[in-house]
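I have placed the structure first, in the form of structure tokens, so that the comments after it can refer back to it.
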Amino acid sequence: MGIMTIDGRKVEFTDEKNVLSVIRKAGINVPTLCYQPELSIYGACRLCTVEDERGKLFASCSEIPRDGMVIYTNTKRLKKYRKMIVELLLGAHCRDCTLCDKSGNCVLQDLAYRLGVKEVRYENTKEEQPLDCSSYSIIRDPNKCVLCGNCVRACRELQGVEALGIAFRGTEATVMPAFNKGLGETMCVGCGQCRVVCPTGAITIRSDIDAVWDALEDPDTRVIAQIAPAVRVAAGDAFGLPKGKSSMGKVVSALHQMGFDEVYDTGFSADLTVMEESAEFLNRVKNGGKLPLMTSCCPAWVKFVVDQYPDYKDNISTCRSPQGMLSAVAKEWYRDPERAEGKRTVMVSFMPCTAKKMEIKRPNSFTKGEQDTDHVLTTTELVRMIKSAGIDFANMECEEPDIPFGMASGGGKIFGVTGGVTEAVLRHLVPAHDTETLKAISEFGMRGEEAIKEFTIQYEGTDINICVVSGLANAHEVFRRMKAGEANYHLIEVMACKGGCVMGGGQPVKAGECVKSVRTEGLYEVDTESAIKVSDDNADMEKLYAEFLNGKTHELLHNEGY
Ligand code: HC1
Ligand code: SF4
């Protein structure tokens, strides 16, 4: 522990890794563009520069706190220095702020306002670069890049993909995929974590909002929505509702008000996934099938395996993701002419995830030649639609999702946090469903923030070794352990985003705000409040199996491989 003096006030510090964290702990919001607590320190933007008592300037992000330090964070000199940095950045920046997707949430725009930049004295001599629209998930606009390197480090350090790099030097420096390919032609998994850390509009979500509005306008189209588990604990943020609390009821009524004919819960098909994946797992264990079984719900993880570890492709579960299952089932449901009433069906899924936009284009996301999910909109786009429709979201009455695909168990809903799929599967495999048993299951080792969680359970006299991973980069280590013979897993759950879908690349983000734990707790609270906790107890799902899925489970709930 030590004490430093910041702007004349004594501030204690303990294990803060840099001076910047101590300053922020003291409640002072020193600006940064390139500092992200989850990433390595880059020290490129110099905006967090502070001054010591001898007038020495240094970047606070890359300085270790020392006892007795005296620093100033907002002197006349620093203000002038920061203003100049922002002016220089704006000098080489496309400034169509009103048209930019990031408007209102852009760190550069905010800094220009905070620092009082009123004019830019430098002409933008940079040649205009084309947008990279080759990915189904995100769009890159190099004209808005400030070279903070956040996207490059997120892709490498969090996701272990390295789809982006910094090419050339000096004024020519540019962020781009190798050989300036389109992102869609690289190993990019579409996770959107680069977009989460991008301070400007250089990386944004590829949006399908207009196509969805068009479908809603069309009287001959039945537009069906499905809402992913993690959306409910993030959608309320933008409307001043308590962070992490579920706003599912309001999301359902907002979608009804916008004209969606049916609104379903992806948690329903997460329950289907539990049944199908558990059966597949037991079948592989009992009949010598390929193990470990790897979960298939996270499309970024699936692409990672296909691109980087193709030898393990057959380990991935044949189950479609819950998104895929619900769309395939609902489309089939409305193929019945009586139910269709002459309308065509358009499936729209609301997801926390940008990679889901890519998943729906995979050849195995089609049934009877038809794309199962027509459009994926992220939570960020959902918020935008609600705002565009002028809906008073915060004060809406809550509504329940529609039947027959609106009921979900708590197990289905916790799919949105890391370890959730595993926990839901174990709830199903363990015969007792009483509160004590469920509590005991929750303590097996799948919960918590650790990047790689390993634990063993006993099932019918056999040891089952389970591994739960969040943050795709950590999957490299899991493959290393398997290849080195250091691990003998039976089941592996991987969610690409750290913390699981609650931290998906399509969730609303605000610079400097950490919402992982509140969203995680929020989903566990949703589980606690759910009338049923175990997928088997979902009566609507049982009915679907008994009355509709006979002979169709393979076609609608599985796929032939990757
Ligand atoms: Fe997810 Fe899933 S949990 S992948 O994170 O298995 O996106 O929320 O919808 O499909 O249910 C995402 C979330 C989501 C699927 C489910
Ligand atoms: Fe990397 Fe994910 Fe961004 Fe693709 S979407 S560039 S994988 S961080």
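Given C-alpha coordinates of the chain, what is the ratio Rg to Rh with the Kirkwood estimate of Rh?
Answer for the chain: 0.99.
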Within the chain, percent of DSSP bridges classed antiparallel, to nearest 5: 55 percent
Set the Förster distance to 35 Å, then compute FRET efficiency between A511 and R54 from the Cβ-Cβ distance, nearest 0.05. 0.65
Computed over the chain: longest principal axis from alpha-carbon atoms vs helix 76-91 long axis, angle to nearest 10 degrees, is 60 degrees
Using r as the Cβ-Cβ distance of N550 and Q458, and R0 as 35 Å, what FRET efficiency do you calculate, to the nearest 0.05? 0.55
Under 26 Å Cα to Cα from K76, which lysines show up? Leave out anything in the same chain fewer than 8 places away. K10, K25, K56, K118
Give, as a single signed number, the net charge of other residues whose beta carbon lies under 10 Å from the beta carbon of V50, with Lys and Arg counted +1 and Asp and Glu -1. -3
Taking the chain as the reference, fit the longest principal axis to its C-alpha atoms, fit the long axis of helix 420-429 to the helix C-alpha atoms, and give the angle between the two in degrees, 0 to 90, nearest 10. 20 degrees
Report the label-to-label distance for E338 and K10 in nanometres (one decimal), using points 7 Å from each Cα along the Cα→Cβ vector. 8.0 nm
Can you flag which of K181/K361; K286/K313; K250/K368; K250/K510; K102/K356 are past 25 Å Cα-Cα? K250/K368
With +1 on the Cβ of every Lys and Arg and -1 on the Cβ of every Asp and Glu, the dipole magnitude of the chain about its Cα centre, in debye rounded to the nearest 20, is 2720 debye
With no solvent and one point per C-alpha, what does the Debye sum give as log10 I(q)/I(0) for region 434-561 at q = 0.19 Å⁻¹? -1.29
The size of the Cβ-based charge dipole (Lys, Arg +1; Asp, Glu -1) of region 2-74 about the Cα centre, to the nearest 20 debye, is 120 debye
Could you tell me which of N538, C148, H554 has its Cα farthest along the dipole of the chain towards the positive end, charges placed at Cβ (Lys, Arg +1; Asp, Glu -1), taken about the Cα centre? C148
If N is the number of residues in region 2-74, what value comes out of its Cα radius of gyration divided by 2.2 N^0.38 Å? 0.99
Measuring from its Cα centre, region 365-513 shows a charge dipole (+1 at each Lys and Arg Cβ, -1 at each Asp and Glu Cβ) which, in debye to the nearest 20, is 520 debye
What is the angle, in °, between the Cα long axis of helix 379-388 and the longest principal axis of the Cα atoms in the chain? Nearest 10 is fine, range 0 to 90. 80 degrees
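Bear in mind that the values in this text are calculations on the coordinates, not laboratory data. Predicted, not measured: the structure shown is a model, and the values here were computed from it. Cβ coordinates were reconstructed from backbone atoms using ideal geometry, including for glycine residues, and neighbour counts include every protein chain displayed.
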